[in-house]
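Notes to accompany the following structure.
Values in this text are rule-based calculations from the coordinates and carry no lab data. No experiment lies behind these values; they were computed from the predicted model shown. Virtual Cβ from ideal backbone geometry, glycine too; neighbours counted across all protein chains shown.
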Amino acid sequence: MIGEFVKSLVSKDLLEGNIEFLGYILDELEKIKRLYDIRISGQLQSFLFEMGRSDGGLIGDSFIQLYRPSWRVRTHLLFQAEFLSQMQEAGHYEFLNRPFVLAWVSETQYYFIQTLKGDDAVYHYDSNVESVVKTEWDLRGLLKMLMCANSGDIKAGAVGDLLEI
């Protein structure tokens, strides 16, 4: 069954296609919360619940590293820790409210949320110039933007897992 979060992102025409979305069950969300030391609520909870493992190929793992099948829990944790370290070294302490990177573009552009704030706002960190800005998007808006950047090129959906060892 397709949830409300996915329905708010995807056109009815695409939903009628053969796209399979995969998310996490509530028990797994609790494990992710503890393992990554983040707060899961609002749009992040809906996203992870409905499409946290796979978006069916709408955006893909080139933008959303959570979907990379070759990444295991260790790689995901190291990636999030390295991001946190870069932010600290750049002095961006005001953005370290349990950040969680959702999209990584061109290996230098990080899109993240501050999970302690619980406001669904998306922030952009450019590691080339070490700057952070609050974007115009919430999580839903970021995903729509990434779908547009993918130019509607639906590929076979990659399936990632934040908990797989």
(request) For the stretch 4-149, compute the number of Lys pairs whose alpha carbons are separated by less than 17 Å, excluding pairs fewer than 8 positions apart on the same chain. (result) 5
(message) Once you keep just the Cα pairs under 8 angstrom separated by 6 or more residues, what percentage relative contact order results for the chain?
(response) 29
(request) Specify the angular offset, from 0 to 90 degrees and rounded to the nearest 10, of the alpha carbon long axis of helix 73-89 from the longest principal axis of the alpha carbons in the chain. (result) 40
(request) Could you go through the stretch 133-145 in sequence order and give the Karplus-derived ³J(HN,Hα) for each residue, using 6.51 cos²θ - 1.76 cosθ + 1.60 with θ = phi - 60°, rounded to whole Hz, and x for Gly and Pro? (result) 9, 7, 7, 7, 9, 9, 4, 4, x, 4, 4, 5, 4
(request) Provide the packing ranking of 89-96, 57-64, i.e. peptides ordered by the mean count of other C-beta atoms within 10 Å per residue, highest first. (result) 57-64, 89-96
